[in-house]
Amino acid sequence: MDPYIYKETIGMHANRIWELLSRKMDGEASMDELRELEQLLMNLPEDAYKIDIVTSYLQKKPDSGTFGEEALAWEKHIGLMQNLHPEEFDDASSAILPRRRHSLASHFRWPKVGFYSILFVVIFSASWLLYQNHASSPLSPGANPIQLSAQNNLPHPSKTKKILPDGTQVWLNGNSHISYQDDFGKNNKREVVLIGEAFFDVTHNAHVPFIVHARSINITVKGTAFNVKAYPEDKNVETSLLRGVVEVSSKADPKRKFVLKPSEKINISVSADNETLPSTSGKKTVSESTDGNNIYSIDKLQPEPGSDIIPEVAWLQNKLMFSSEPLSEIVEKMQRWYGATIEIKDDRLKDLRFTGAFTNETLRQALNELQATYPFEINTDNNVVILYIK
Amino acid sequence: MIDQIQLQLLLERIAVFGDHDAYKRLFWAFYKDLNRFAYSFVKSNEVAEEIVSDVFVNLWKNRMRLLEIENLKVYLYVAVKNLSIRHSTRNNRDHLISLDDLAVDIPSTSAYASPEELCISAELAAAIHTAIQNLPPRCKIIYKLIREDGLRYKEVADILHISVKTIDAQMTIATKKICQSINFVLK
């Protein structure tokens, strides 16, 4: 076994490769470093293949499918706690309760009594320039807008945590901004403009409403957990309510308010045009209706079969999830997720539907998994990934 | 691996409501990793188990102040480390614990995806594992905390009181050794 043989094939970049590879595997690499690594490995196809095998093996986290060890340790521990704090742990049932899945959804089920914060999620976007130049900008001009952004140089959108002046906590997803005026919290107003995707943990204050401006849609928080998806390239603004009450209205027709019940989502169509157009009346209240320029539909939220995860909020758990969605929409999601540019060259591919979820996969692994379902071709050209059919 | 937001929610439930269910989930989520971490210091399963249990006793006792903790993961690992070192030095005051003396336990091959799933040979999987097992102790504890427990470089730096640069260098060594170990098995 002579390690030098290997060193020679990899050449003088060997150490740099190991360094970059480690950072990549541990999610510590920057975008530039990932590109550099790809470049280095491109010249060493044989080594790249071996490295691929080892990393794919090591990336699989050890799966602790059985919890025998935890169960045993917990029984012992709870016995100790009952001795130490008999008044608090007298009820042995706490030790016997079946283990519930760790899921975001289940956290929202507990009693509302004593809630000191409100949790909700907003995904919103519009072009930043549009907001800045727009006459009907939701925030009055003059005051200085304060803008908080997420780092977006990471392979996966990072959930950067920011704290607003009122103590509200915000987790920003990749490529996302939130802004507010410096009079935030004064004049009985808490208003934010959000571009991209975020999770809010709002400090409760019944006297000062919290309003999120999302493109042409306003969301008024009334003690609630909800998700809004409104990327600029999307045709709809989707609001999914997990718990509590949320009031959704369109800027075009502010008097028309939709009050959602828990586990419901509302989809309102928006286009760049009708954001400025006043709504004409003519309302129908069925599950899918036209309301002036806005077409809307109300649906039930469904967790993925066999899990507690609701696809609409899967991003909070670092999951990219899609359920029978056309490839064109999945590609949109993957572009945001991986910060990559992906093009579909063949229209036949666009309507192919896939169901699945990605967690730790690299862009290439994710594409390969899709490829396994339907054999399309992948080509990388100048950092643009192209999907096509031979 | 438990998500940062879920962790924060559990923490709030314990701190604000004294929620037993959240307490239990936290215990379940961290028990195995913390137990292995303690073991690498004290080299006894029994003692490691007691140490983790003690850390959770203290966590409950001080739950009112939990929200002051910046990073719960780091807090738990540091608490386990401190108790482990205290235990090891109880009988021998001058005995200093070095990262080079740790006995790090890495799960066996069966804990990973089966080789068949990835279309690699069992020999290859075994070679990778031998390479991991043979990493020097300092490298191995860092490798374990990052690759197995899923901690960030910065978090491990805070736990072990070493620099992120050292971690970067040690992970580079680990990756290099592991990749090189299979060079001669693969055709």
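Tell me, please, whether a residue that is farther than 23 Å from A:Leu34 by Cβ and among the hydrophobic types (A, V, I, L, M, F, W, C) can be found in the stretch A:355-366.
no
Somewhere in the stretch A:372-386, is a residue buried (at least 16 other Cβ atoms within 10 Å of the Cβ) and under 30 Å from B:Ile2 (Cβ atoms)?
No: the stretch A:372-386 contains no residue that is buried (at least 16 other Cβ atoms within 10 Å of the Cβ) and under 30 Å from B:Ile2 (Cβ atoms).
Just checking, does the stretch A:326-339 include any residue being farther than 18 Å from A:Glu312 by Cα and surrounded by fewer than 13 Cβ atoms within 10 Å (Cβ to Cβ)?
Looking through the stretch A:326-339, none of the residues is farther than 18 Å from A:Glu312 by Cα and surrounded by fewer than 13 Cβ atoms within 10 Å (Cβ to Cβ).
Among the candidates A:Asn187, A:Asn152, A:Asn218, A:Asn205, which residue alone is in the same structural domain as A:Asn267 (by TED's automatic domain parsing) and modelled with pLDDT under 70?
On the way: A:Asn187 fails: modelled with pLDDT under 70; A:Asn218 fails: modelled with pLDDT under 70; A:Asn205 fails: modelled with pLDDT under 70.
When all the criteria are applied, what remains is A:Asn152.
Residues of the stretch A:179-196 being touching a residue at least 24 places away in the same chain (Cβ under 8 Å) and of a type outside the set (A, V, I, L, M, F, W, C), which ones?
Within the stretch A:179-196, A:Ser179, A:Tyr180, A:Gln181, A:Asp182, A:Asp183, A:Arg190, A:Glu191, A:Gly196 meet the criteria.
It is to be established whether one or more residues within the stretch B:46-66 are within 17 Å of B:Asp158 (Cα to Cα), at pLDDT 90 or above, in a helix (DSSP H, G or I) and out of contact with any Phe, Trp or Tyr (no Cβ under 6 Å at 6 or more places or on another chain).
No, the stretch B:46-66 has no match at all.
From the list A:Glu312, A:Glu264, pick out the single residue that is crowded, with 18+ Cβ neighbours inside 10 Å, closer than 30 Å to A:Leu387 by Cα, acidic (Asp, Glu) and modelled with pLDDT of 70 or more.
The match here is A:Glu312.
Per-residue answers, yes or no, for (1) at the interface with chain A (Cβ under 10 Å from one of its Cβ atoms); (2) more than 17 Å from the chain's Cα centre (by Cα):
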position	(1), (2)
B:Asp3	yes, no
B:Gln8	yes, yes
B:Ile14	no, yes
B:Asp21	yes, yes
B:Ser44	no, no
B:Ile51	no, no
B:Met64	no, yes
B:Leu67	no, yes
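Which pairs turn up if I take residues in the stretch B:1-13 that are farther than 18 Å from B:Asp149 by Cα and look for partners that are outside any helix (DSSP H, G or I) with beta carbon separation below 7 Å, at least 6 apart in sequence or on another chain?
B:Arg13/B:Asp19
Which ones in the stretch B:41-79 are in contact with a helix residue (DSSP H, G or I) (Cβ under 6 Å, 6 or more places away or on another chain) and among the small types (Gly, Ala, Ser)?
B:Ala48, B:Ser53, B:Ala79
The values are calculated or read from the model by the stated rules, or taken from the named source; none is laboratory data. Keep in mind it's a predicted model, so treat the numbers as computed, not measured. Cβ coordinates were reconstructed from backbone atoms using ideal geometry, including for glycine residues, and neighbour counts include every protein chain displayed.
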